[in-house]
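Following: one structure in structure tokens, then a few remarks.
What follows is calculated from the coordinates using simple rules that are stated; it is not laboratory data. If you're wondering where the values come from, they're calculated on a predicted model, not measured in any experiment. Glycine gets a Cβ as well: all are built from the backbone with ideal geometry, and neighbour counts include every protein chain shown.
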Amino acid sequence: MFTFSTPNSRVASLFVAGCVAAIAWLAMLSPAANAAPRKDAVVVAIDKAVASGAITTTDARALRLDWQASARAQRTAKSGSRRAAVAAVRGSTTRLAARGLLTADRVRPALLSVRATTWTMLHGSYPAHEQEVTIPGDVAVFTYYAGRGVQFQPFETLKEGMRALNQKTPDIDTARMIADRLLELSRVRGGARTWEYFFPWNGGPERPWTSAISQALATEFFWRVGQLVDEADRPTYASVAEQATRSFLRNTSAGGVGTPQGTGRYYVMYTFAPTQRILNGHLQALLNVNRYAIASGSAAASRVVSLGRAAVLPLLPKFDTGGWSNYQPGQEAELGYHEFQSEQLVKLGEELPDATLAEYGDRFESYMVTPPLVTFGATRWLPIFPAADGLRDSTDVPFTIDKRAKATLIVSDSTGAEVRRVVASVATGRRTIRWDGTTATGARAVAGNYSARLVATDILGNRSSTDLPTTISVVADTTAPALRLVTMRERNGIATVSVDASDMASAWITVQLRIDGKVVARGKGPRSGRTILLVKRVLSDVKRGELLLTDTSGNVLTYPLAG
């Protein structure tokens, strides 16, 4: 036991008291010891949604249970890939909440994707990438995305609703269940109702987004549901259709799906990419909203159609390659999209009506039965040298084609016998196809003039054949290198031989110094220029020596050296 002498006892007491106070103060500052643990951002978002009245306490309890179940699934799912899928959807939801984007009206649809992922990864078969998924007790449709989990799909859910309505005898009960479920999962901003996606798509940012095609289908779907239910319920669904229409009159920055384009408005496929001009998405928006406008007499819907028509008409030449259509300017459409866009334009031409849209629809349809058009410029083909040395041992045939196709260059000799076929898949525009100067067996083609034709076959099997306007020459190099200057210098028993030579038909020249029949030095030099050889001996007393210059075709120049 330690004691203090009397004169220092007061100092000791103050010292002990100070230490105790310092320890207590540090304890107060320590978050690990005293601060309450930070609350889960998603749970905070759920609590805020209850406080705002956006969801009930019963809803909130169910959502919290879903969130807890997903946490367990992330730990206990039976495979690493299943656990990773749950972790992905939990991570994206947490990040949205942490950034304040999981607002009260987004909690329900965002947590629905979490629930769908949890159920699928615990109880369902493992889905393929972009496979549609449903879960028991819910009419919503989901899609599995590798690395993103199972995500709510408004557009696919609306399509299921339209299928119910389009049956010979409309399935009103199913359509109404889907409509009511979609109402729960929607968001209203500035009088416009939207359905959002909660995962990044195609490199887009991680924030909620929507699409014009979803919004447009919603206008027609909710209006049609309203016409089939009891009269008392009709105004509810009709008002939803009108609210969905208003999203086209709001810019993407304000929660809408439209963006100014010339004197009109373009309706975008992805609101996170407002400058992208995808043709089929815009046309489908016009079709659905126009049908709603005609059926309902909605002035807002008529305005949406008018503005969308004004936006797309001046842009149509950008979607026409002259032989096919573009998905977006500069990107040729796949066959399915080309057929879809052709059909959309024809329908719009009839339903609006609009002669220009109809004309483009007919033109796009005609492209599916016309062969590719291939043209060659005024090109003079450079001759091919058979030696495979990288110098003019192949030739590029440039051409222009008006649609995507398989291009086959067929090379024939002077007798008409086929020598080689070269096949390449090419897109619209200026392209080249290369013949490397070899035959079908891989041997170098013999000297002579070769004719060629280009056969182009599009993705529907339409075929054209176009002869090259001139022949392709294969020229045998029979000329040895030319020697311009040889200099020799000796110093300290080492001889330096400088050889200046040229051979414009070869990529390089091989130079050898031979003395008394034996090669004593060798070098590889440029096709035009100097090659330096070093020899550890005196050359002035050499009785019999020579330089051998060999090109890549095997032609040899022998130059004697005198002593």
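Brief remarks follow.
- Put simply, the amide H of ILE384, placed in the peptide plane, has neighbours under 5 Å in SER473, VAL474, VAL475, leaving out anything fewer than 5 places away on its chain.
- Cα→Cβ-extended label distance, 7 Å offset, between ASP171 and THR441, nm: 6.6
- Full-extension gain in nm, GLU184 to GLU130, via 0.36 nm per residue minus C-alpha separation: 17.0 nm
- Relative packing of peptides 42-48, 445-451 - highest average C-beta neighbours within 10 Å first: 42-48, 445-451
- Two-site FRET efficiency, GLU334 against THR478, from Cβ-Cβ distance with R₀ of 56 Å, rounded to 0.05: 0.60
- The helix-only estimate of mean residue ellipticity at 222 nm for the chain, built from DSSP H runs of length n ≥ 4 each weighted as -39500 (n - 2.57), is -12000 deg cm²/dmol after division by the residue total.
- Counting only DSSP beta bridges with both residues in region 439-563, the antiparallel share comes to about 100 percent.
- Convex hull of the chain built on C-alpha atoms - directionally averaged projected area, nm²: 54.8
- Shape class for region 127-220: oblate, because the ratio a/c of the largest to smallest gyration tensor axis (alpha-carbon atoms, square roots of eigenvalues) is 1.5 or more and b/c is at least a/b.
- Span-like helix criteria (full DSSP H runs; alpha carbon extent of at least 30 Å along the helix axis; mean Kyte-Doolittle hydropathy of at least 0.0) are satisfied in the chain by 9-29.
- All distinct Cα pairs of region 398-459 go into the 1/r average, and the inverse of that average, the Kirkwood radius, is 12.3 Å.
- Reachable lysines from LYS318, criterion Cα separation under 26 angstrom, eight or more residues apart if same chain: LYS347, LYS403, LYS406
- Take every DSSP beta bridge whose two residues both sit in the chain; close to 100 percent of them are antiparallel.
- Shape class of region 473-563 from the alpha-carbon gyration tensor: prolate, with a/c at 1.5 or above and a/b greater than b/c.
- Computed magnitude of the charge dipole of region 402-471 (debye, nearest 20; Cβ of K, R +1, Cβ of D, E -1): 260
- Extension gain (nm, one decimal) between TYR559 and ALA427, 0.36 nm per residue minus Cα-Cα: 42.2 nm
- Local electrostatic count at THR408 - Lys and Arg +1, Asp and Glu -1, tallied over other residues with Cβ under 12 Å: +4
- Each of SER425, ILE410, ALA440 was scored by the projection of its Cα onto the charge dipole of region 402-443, and the greatest displacement toward the positive side belongs to SER425; charges sit on the C-beta of Lys, Arg, Asp and Glu.
- Listed by chain and number, the aspartates and glutamates placed with their C-alpha closer than 17 angstrom to that of LYS524 are ASP389, ASP500, ASP503, GLU546, ASP551; residues fewer than eight positions away on the same chain are left out.
- If R0 is taken as 60 Å, the Cβ-Cβ distance between SER79 and GLU490 corresponds to a FRET efficiency of 0.15.
- Set of lysines near LYS518 by C-alpha distance (under 20 Å), chain-local residues within fewer than 8 positions excluded: LYS536, LYS543
- Selection from THR169, GLN153, TRP119 lying farthest towards where the dipole of region 69-186 points positive, charges on Cβ: TRP119
- Cut-off 14 Å (backbone N to label point 7 Å along Cα→Cβ of ARG303), residues of region 212-254: 242-251
- Annotation for SER498 and THR56: the two label points, set 7 Å from Cα along the Cα-Cβ direction, are 9.9 nm apart.
- Packing rank of 321-334, 392-405, where each peptide gets the mean count of other beta carbons within 10 Å, highest leading: 392-405, 321-334
- Residues whose amide H comes within less than 5 Å of that of ALA104, counting only those at least five positions distant or on another chain, are absent (H built at 1.01 Å from N in the peptide plane).
- Formal net charge of residues neighbouring VAL511 (Cβ-Cβ distance under 14 Å; K, R +1; D, E -1): +2
- Options SER464, THR552, MET488, ranked by Cα towards positive dipole end of the chain, top entry (Cβ charges): MET488
- Charge dipole (Cα centre; +1 on Lys/Arg Cβ, -1 on Asp/Glu Cβ; no other charges) of the chain amounts to roughly 2340 debye.
- Estimated inter-spin distance, VAL43 and ALA417, nm [label 7 Å along Cα→Cβ]: 8.4
- Unit charges on C-beta of K, R, D, E only; dipole of region 407-448, Debye: 220
- Computed E for LEU122/ARG434 - FRET, C-beta separation, R0 60 angstrom, nearest 0.05: 0.65
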